[in-house]
Amino acid sequence: MARRKIEDIVTEMVSPIVESNHFELVDVEFLKEGANWYLRVYIDKEGGISIDDCQLVSEALGEELDKADPISQHYFLEVSSPGIERPLKREKDFIKYKGEQVEVKLFQPIDGKKIFEGRLNGLMDGKISIIGSNNEMLEFDRETVAVVKRTIKF
C-alpha cells in the first residue's frame, strides 16, 4: 500500500483517540529509515505532551492497528511530541505560530539559496510569507517549500 494512503488510514484511526483525550494530532508519518519502517504519530496539547500521554495514545492506537492490520510490512510505532522546533504543515499551524521565528527550506534554490529565516507572516492563497532579517517580505509558493519549522534561538 502507498505510504500516503497508510498515513491517511492511520490519521483516521488515531484522530478519535487523540480528540477524546483533548490532545492535538500534529502529524502522521510512515517512512523508511535504513532497513526499518517507522510509523510516527506526533501529538501535542496546551502546556506540552508528557511521556504518559504518548504511552496512552500508543497503546490505544496499537490495539486499533492490531485489529485492522492496515500495514503489511514490519514497522516500529512511535508516538511523541513534535518538539519545540516543530514543522508547520496545516493551515491552523500557520495561524497559531504567526509572528514566530521560522526556517523555510525549499526544494530548489532561489538565487542559490535554499534556506530562509524570518518571522512568520502567514499562509494566504497558497503562499507562505515571512518577514526577513532586513524587514523584507518574502513569499514562497507552498508547493516549492520542503518544510517550514519553528526555530528557537537561545
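Rounded to the nearest 0.05, what FRET efficiency do E12 and E136 have when you use their Cβ-Cβ distance and R0 = 41 Å?
0.50
Have a look at V41, N121, M13 and report the one farthest towards the positive end of the charge dipole of the chain, computed about the Cα centre with Cβ charges (Lys/Arg +1, Asp/Glu -1).
Farthest along the dipole direction, towards plus: N121.
Over segment 1-145, what relative contact order in percent results from Cα pairs under 8 Å that are six or more residues apart?
This gives 16 percent for segment 1-145.
Students often get this wrong, so check it: of K98/K127; K5/K96; K45/K96; K5/K105, which have C-alpha atoms separated by over 21 Å?
Exceeds cut-off: K5/K96; K5/K105.
Where does the charge balance sit around G62 when Lys and Arg score +1, Asp and Glu -1, over other residues with C-beta under 14 Å from its C-beta?
Surrounding charge for G62 is -4.
Starting from the Cα of I71, step 7 Å along the direction of its Cβ; do the same at I152; then give the gap between the two resulting points in nm.
If labels sit at I71 and I152, their model points lie 2.7 nm apart.
Helix 51-68 versus the longest principal axis of the chain: what angle, 0 to 90°, nearest 10, using Cα atoms?
60
Nearest 20 debye, what's the magnitude of the dipole of segment 16-154 about its Cα centre given +1 on Lys and Arg Cβ and -1 on Asp and Glu Cβ?
Dipole size: approximately 620 debye.
No value in this document is a laboratory result; all are computed from the given coordinates. All values reported here derive from a predicted model rather than from experimental measurement. Note that we place each Cβ from the backbone using ideal geometry, even for glycine, and neighbour counts take in every protein chain shown.
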